[in-house]
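Novice: One structure is given below, represented as structure tokens, and several questions about it will come after.
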Amino acid sequence: MSKMAGNKSYTIVEYFGGDSGYRCGYCKNDEGNFSHGMWSHTMTVQDYQDLIDRGWRRSGKYVYKPKMNKTCCPQYTIRCHALKFQPSKSHKKVLKKISKFISKGELPNGPDDGEPMDSVCDQAGPREPSNGGPSEVQRAAITDLQKELPECPATTEAHNEAAGGAPADSVTPTKDPQSVAAERPTVGAPRAGMGADPGRPLCRKAKDLRKERRLQKEQNRQQSEGDASIVSPTPLNPAQTTQPKPLEDFINESLPDNAPHRLEVRLVPVNFEDPRFTASYQQSVALYARYQMAIHGDDPSECSESEFRRFLCDSPLEAEHSPDGPEAGYGSFHQQYLLDGRIVAVGVIDILPMCVSSVYFYYHPDFASLSLGSYSALREIAFTRQLQKQSPKLSFYYLGFYIHSCPKMRYKGQYRPSDLLCPETYAWVSIEHCIPQLENSPYARFNQDPDAGDARVLKEVGRALVLYRRAVMPYAAYSRKRKGSSDEAEVQQYADLVGQDCAERILLYRA
């Protein structure tokens, strides 16, 4: 991590634009995938949190943002409200399948439920930075010239919100009623066909109603026969009978002492100086190659050790710890699934200030029938809930991109309640409100307020920070030094995409 005066950490990126089309990994269009991209030499977790809240996503050290109104398969950032999540019937089926396998050793027949994990490696590949750039950036003894930066108010950080409240660094406009519709219940009667009627009693399960009717019928029969010694059954309490079983209870279901298998989930930081990571590295590499060849049909050359390292180990995020953060700290991690001491699956995740962000998941093909992709998502939601107890503002689980135009990628919408990111205002909108629009068009503006805009829209490109000849300066100062720089259109485009706040914090490398 590059340190500045006052021991402040900085993100350093090189921007590449996004004019050329690439092969789409979803619809296989040879030139239909358009995205903006930048190479991140190093990045703070807060900067990456703010970037993914503007539609960016990383693949190794390459950070990209789909051109939503141009790309063939628009990719919408999706997040799940981990604290409010309740497993669906299909999720419970997956959890029971795992439990049955561990306790009885029975492996289901047939394929899994067909829920592929992100094929990020099929997307627009990372473009290498300009020659000489990275080495100079990495060894730069940076001189702080920020005194040339005009006086500006401090960036608002997300450290003061209460647990469960709307994050202060969210791009959702504070007073936009559409963007918060999914966050709070409406008062009064709902519209016809929308939601429950608050004037009516709570819904009851059919089997509970049948049971209560049988008891009542039996009681009436006994009373008619004059049997006064029978004690009337206690009426069922709806709150007791309809209380859902939490996700953790399914995951931590007690297993017999003589269970034939033992499953352990271990969190390991992506750090070649960590003995747990290095000890399991070769096993992880072999498992990744086996998965890619069997599940995605890759050639051995496409899933080599160097590709594994570039794609799933080289992360721009540096490990950070905070007094009010999770015990494991922030950064990039591998969640290893060990069956009887052997790694059978690995979930690659980033732990950020507001969320756990899923990067990739791979598993041993012999266990495909266990629906491990779905199981890992449920485990990661439970893990997010666990971290939230340590860091109250960390309450979301980001599943990457939701792609409605690709039916096999719609499964991410099953983890609810969830939101999609509006590609124009960067407000979060409940997925239930988004899907009808996506049924009509692959691209949609979800925010229905016509007056709403980007809360962090670029206002002054001259305040964007650049790194030039090992010195940090605002773009306005850099332009004066270059005496009319010809890259203003490129810097303007970059700053528009990252937003004013990030543009004033992130260092844009200039050769």
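The values are calculated or read from the model by the stated rules, or taken from the named source; none is laboratory data. Everything quoted here is computed from the prediction, not taken from an experiment. Because the Cβ atoms are built from the backbone with ideal geometry, glycine has one as well, and the counts that use them run over all protein chains shown. Areas reflect the complete protein model, heavy atoms only, side chains present, ligands, DNA and RNA absent. Shrake-Rupley method; radii C 1.70, N 1.55, O 1.52, S 1.80 Å.
Novice: State which residue is farthest from S306 (Cα to Cα) when the search covers only segment 38-58 and only residues that are open to solvent by 10 Å² or more (accessible area, probe 1.4 Å) and of a type in the set (S, T, N, Q).
Specialist: Ranking the candidates gives Q46 first.
Conditions (1) open to solvent by 20 Å² or more (accessible area, probe 1.4 Å); (2) hydroxyl-bearing (S, T, Y), marked per residue:
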residue	(1), (2)
Q437	yes, no
N447	no, no
D454	yes, no
Y475	no, yes
S486	yes, yes
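Novice: Now, a different point. I'd like the residue in segment 291-301 that is assigned to a helix (DSSP H, G or I) and touching a residue at least 12 places away in the same chain (Cβ under 8 Å) and, out of all such residues, is surrounded by the fewest Cβ atoms within 10 Å (Cβ to Cβ).
Specialist: A294
Novice: Going by what's in this entry, would F277 be described as aromatic (F, W, Y) and open to solvent by 60 Å² or more (accessible area, probe 1.4 Å)?
Specialist: no
Novice: I'd like the residue in segment 88-109 that is part of a loop (DSSP other than H, G, I, E, B) and open to solvent by less than 70 Å² (accessible area, probe 1.4 Å) and, out of all such residues, is modelled with the highest pLDDT.
Specialist: The selected residue is S88.
Novice: Filter segment 71-87 for residues that are among the hydrophobic types (A, V, I, L, M, F, W, C) and in a strand (DSSP E or B); which is nearest to R23 (Cα to Cα)?
Specialist: Once the filter is applied, the top-ranked residue is I78.
Novice: What pairs come out if I take residues in segment 402-426 that are in contact (Cβ under 8 Å) with a residue 40 or more places away in the chain and at positive phi and pair them with residues that are of a type in the set (S, T, Y) and open to solvent by less than 20 Å² (accessible area, probe 1.4 Å) whose C-beta lies under 8 Å away, six or more apart or interchain?
Specialist: The qualifying pairs do not exist here.
Novice: Right, another one. Determine, yes or no, whether Y62 is more than 21 Å from K412 (Cα to Cα), in contact with a strand residue (DSSP E or B) (Cβ under 9 Å, 6 or more places away or on another chain), of a type in the set (F, W, Y) and buried (at least 22 other Cβ atoms within 10 Å of the Cβ).
Specialist: It is true that Y62 is more than 21 Å from K412 (Cα to Cα), in contact with a strand residue (DSSP E or B) (Cβ under 9 Å, 6 or more places away or on another chain), of a type in the set (F, W, Y) and buried (at least 22 other Cβ atoms within 10 Å of the Cβ).
Novice: Within segment 483-506, how many residues turn out to be of a type in the set (V, I, T), under 15 Å from M473 (Cβ atoms) and under 23 Å from the mean Cα position of the chain (by Cα)?
Specialist: 1
Novice: To continue, here is another question. Give the residues of segment 478-511 that are in contact with a Gly (Cβ under 9 Å, 6 or more places away or on another chain) and hydrophobic (A, V, I, L, M, F, W, C), sorted by residue number.
Specialist: Matches in segment 478-511: L497, A511.
Novice: If we keep just the residues of segment 19-37 that are touching a Phe, Trp or Tyr at 6+ places or on another chain (Cβ under 6 Å) and either assigned to a loop (DSSP other than H, G, I, E, B) or at pLDDT 95 or above (or both), which is most open to solvent (accessible area, probe 1.4 Å)?
Specialist: It comes out as G21.
Novice: Kindly indicate whether any position in segment 329-345 is within 22 Å of the chain's Cα centre (by Cα), within 19 Å of Y64 (Cα to Cα) and open to solvent by less than 40 Å² (accessible area, probe 1.4 Å).
Specialist: Yes: one or more hits.
Novice: Here is a follow-up. For segment 307-327, which residues satisfy the criterion of being free of Cβ contacts under 8 Å to residues at least 40 places away in the same chain, in a helix (DSSP H, G or I) and surrounded by fewer than 18 Cβ atoms within 10 Å (Cβ to Cβ)?
Specialist: Result: R309, single match.
Novice: Just to check your reading of the model, which residue among M409, M473 is more than 28 Å from the chain's Cα centre (by Cα), among the hydrophobic types (A, V, I, L, M, F, W, C) and farther than 30 Å from G325 by Cβ? Before the answer, list the steps.
Specialist: Values: M409 fails: more than 28 Å from the chain's Cα centre (by Cα).
On inspection, the qualifying residue turns out to be M473.
Novice: Can I ask one more? Can you tell me which residue within segment 415-435, out of those that are part of a loop (DSSP other than H, G, I, E, B) and not basic (K, R), is surrounded by the most Cβ atoms within 10 Å (Cβ to Cβ)?
Specialist: C422
Novice: Let me ask something else. How many residues does segment 402-414 hold that are open to solvent by less than 10 Å² (accessible area, probe 1.4 Å), farther than 19 Å from K84 by Cα and either part of a strand (DSSP E or B) or among the charged types (D, E, K, R) (or both)? Can you show your working first?
Specialist: Residues of segment 402-414 open to solvent by less than 10 Å² (accessible area, probe 1.4 Å): 402-403, 409, 412-413.
The next check asks that each one be farther than 19 Å from K84 by Cα; those that pass are 402-403, 409.
Now drop any that are not either part of a strand (DSSP E or B) or among the charged types (D, E, K, R) (or both), which leaves 402.
The number of residues fulfilling the criteria is 1.
Novice: Scanning for something under 21 Å from C27 (Cα atoms), among the aliphatic types (A, V, I, L, M) and open to solvent by less than 10 Å² (accessible area, probe 1.4 Å), does segment 380-393 turn up at least one residue? Steps first, please.
Specialist: So the first thing to find is which residues in segment 380-393 are under 21 Å from C27 (Cα atoms), and the list is none.
No, segment 380-393 has no match at all.
Novice: Modelled with pLDDT under 95 and outside any helix (DSSP H, G or I): does that describe S479? Explain how you work it out, then say what you get.
Specialist: On the way: modelled with pLDDT under 95: yes; outside any helix (DSSP H, G or I): no.
For S479, the condition - modelled with pLDDT under 95 and outside any helix (DSSP H, G or I) - is not met.
Novice: Quick check on F367: is it within 13 Å of the chain's Cα centre (by Cα), of a type in the set (A, V, I, L, M, F, W, C) and open to solvent by 10 Å² or more (accessible area, probe 1.4 Å)?
Specialist: The answer is no for F367.
Novice: Can you pull out the residues in segment 409-433 that are farther than 23 Å from L378 by Cβ and touching a helix residue (DSSP H, G or I) at 6+ places or on another chain (Cβ under 9 Å)?
Specialist: The answer is C422, Y426.
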